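We did not get these values from a lab; they are worked out from the coordinates using the rules stated. These figures come from a predicted structure and were not determined experimentally. Positions of Cβ are generated from backbone atoms using ideal geometry, with glycine treated the same way; all protein chains shown enter the neighbour counts.
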Amino acid sequence: MKHNFGAGPCILPQEVFKQAAQAVLDFNDGLSILEISHRTTEFEAVVAEADKLVKELLNVPSGYSVLFLQGGASLQFAMVPMNLLGDGQTASYLDTGVWATKALKEAKFIGNVNVVASSKDANYTFIPKDFEIPADSAYFHYTSNNTIYGTELFEVPKTDIPVVCDMSSDIMSRVIDVSKFDLIYAGAQKNVGPAGLTIAIVKNEVLGKIDRKIPSMLNYQSHIDNDSMYNTPPVFSIYVALLNLRWLKSKGGVAEIEKENKQKAEALYREIDRNSLFKGTCAVEDRSRMNICFVMENPELEKPFLKYAEEQGIVGIKGHRSVGGFRASMYNALPITSVHALIDAMQSFEEKQAK
Ligand code: PLP
């Protein structure tokens with residue numbers, strides 16, 4: 001068995017992959033999930049259950065809609081300002097990495113953007129804490145987990161204006177208070193399901209406040225009015241997401257998986273801090289539980305360690321090109337035994353070096 005620390009897309013439990021494979025062959029009465037009409041009662045039941053499970057697992061209060069969309073988180077970068085940023089208004093953004101930068105770049109096509117703070121000069125190794133959000137902003141946008149740099153924002157910044165969050169890489173990994181947000185979106189492919197599906201959780205009352213005419217596919221209201229079936233939905237991705245949400249529920253839900261995710265991250269950070277060969281790249285208080293970035297004190301040892309780890313079945317730990325070193329992505333599906341395998345490899349490599 002491989003220990004897959006890849007950043008995605010779509011790291012899901014083996015049992016979910018098996019059920020998904022079976023549904024491709026026979027979902028209902030000999031028909032594949034890929035060929036049944038999305039207008040059948042069977043598929044409507046899939047969407048209804050997925051909707052119910054997202055609401056249940058995240059404890060979504062009434063007054064919010066869960067949407068199953070396409071276009072990835074990247075389309076949300078544009079859809080958010082199109083729906084929430086009126087002519088002449090300004091939106092505030094916290095710049096904590098490449099994805100946050102891309103989000104605000106798209107918003108600039110629609111209206112004015114105010115960057116409240118940025119850690120770009122420090123290659124995004126920390127999350128800025130000292131900033132003010134102007135009270136007349138249309139909304140405040142931030143990225144809760146910075147997949148590339150390995151930082152995570154656990155507290156929702158305090159403000160009275162609508163809060164929008166890109167949760168692509170930490171949604172369903174820890175308990176959140178949805179009532180603090182007006183719009184949450186996430187490309188599904190880390191902790192929810194396969195690429196091709198995007199989840200949005202929208203507070204209904206935040207919509208309809210601006211005058212812009214919005215093309216139907218880009219208008220949250222069209223998707224709300226049509227129960228996420230305005231057009232042909234990504235049928236397979238939604239079904240696999242449902243299987244994964246069922247798996248998460250069977251594990252005890254988000255609070256239980258959060259406990260596991262904490263244990264996994266604490267164990268690996270402990271080893272990074274103890275091991276004389278390795279060091280973390282981010283501010284300790286901002287360390288992500290999902291993407292753990294680290295380098296070696298001696299960069300010349302990085303290639304040999306990568307090869308050594310591969311020999312132990314550990315794959316996907318090469319760091320993103322903008323950070324270098326290593327990135328261990330530890331999404332919900334990664335078992336703690338894989339984390340122990342990586343820790344063992346780091347320890348035995350250290351012993352080998354000492355000889
Ligand atoms: N936001 C974050 C935090 C991400 O990690 C990613 C992709 O990894 C994206 C946005 C872009 O998502 P997509 O590829 O679904 O557009």
* How long is the gain from D121 to K279 if the chain were fully straight, where each residue apart is worth 0.36 nm and the alpha carbon distance is subtracted? -> 54.9 nm
* Structure fact -> Residues whose modelled amide H sits under 5 Å from the amide H of H141, counting only those 5 or more places away in sequence or on another chain, are S92, Y93, L94, V164
* Can you pull a Stokes-Einstein diffusion coefficient for the chain at 37 °C (0.692 mPa s), Rh from Kirkwood over Cα pairs, as a whole number of µm²/s? => 154
* Once every Cα of the range 1-157 carries one equal point scatterer and solvent is ignored, give the base-10 log of I(q)/I(0) from the Debye formula at q = 0.11, 0.16, 0.18 Å⁻¹, two decimals. => -0.66, -1.09, -1.20
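Counting other Cβ atoms within 10 Å of each Cβ, which GluC sites (Glu not before Pro) in the range 49-154 have at most 14 and sit in a DSSP loop?
E132
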* Output ³J(HN,Hα) for the range 322-334: one whole-Hz value per residue in order, computed from phi by the Karplus curve 6.51 cos²θ - 1.76 cosθ + 1.60 with θ = phi - 60°, and x for Gly and Pro. => 7, 10, x, x, 10, 9, 9, 8, 10, 6, 3, 6, 6
* Asked: Straight-line reach from K55: which aspartates and glutamates have Cα under 19 Å away, leaving out those fewer than 8 places along the same chain?
  -> E44, D166, D170, D177, D182, E205, D225, D227, E256, E258
* Structure fact -> Taking r as the C-beta separation of F109 and Q347 and R0 as 56 Å, the FRET efficiency to the nearest 0.05 is 0.65
* Pop out the ³J(HN,Hα) list for the range 220-236 in order, Karplus 6.51 cos²θ - 1.76 cosθ + 1.60 with θ = phi - 60°, rounded to Hz; leave Gly and Pro as x. => 3, 4, 4, 6, 5, 4, 10, 6, 6, 10, 4, 10, 5, x, x, 3, 5
* Asked: Where Rh denotes the Kirkwood radius from the mean inverse Cα pair distance, what is Rg over Rh for the range 254-354?
  -> 0.94
* Structure fact -> Under the Karplus relation with 6.51, -1.76 and 1.60 and θ = phi - 60°, whole-Hz ³J(HN,Hα) for the range 51-61, x at Gly and Pro, equal 4, 5, 5, 4, 5, 5, 5, 9, 6, 6, x
* To do: Once you've got the Cα coordinates, tell me which of K52/K318; K262/K355; K120/K303; K105/K259 are over 30 Å apart.
  => K52/K318; K262/K355; K105/K259
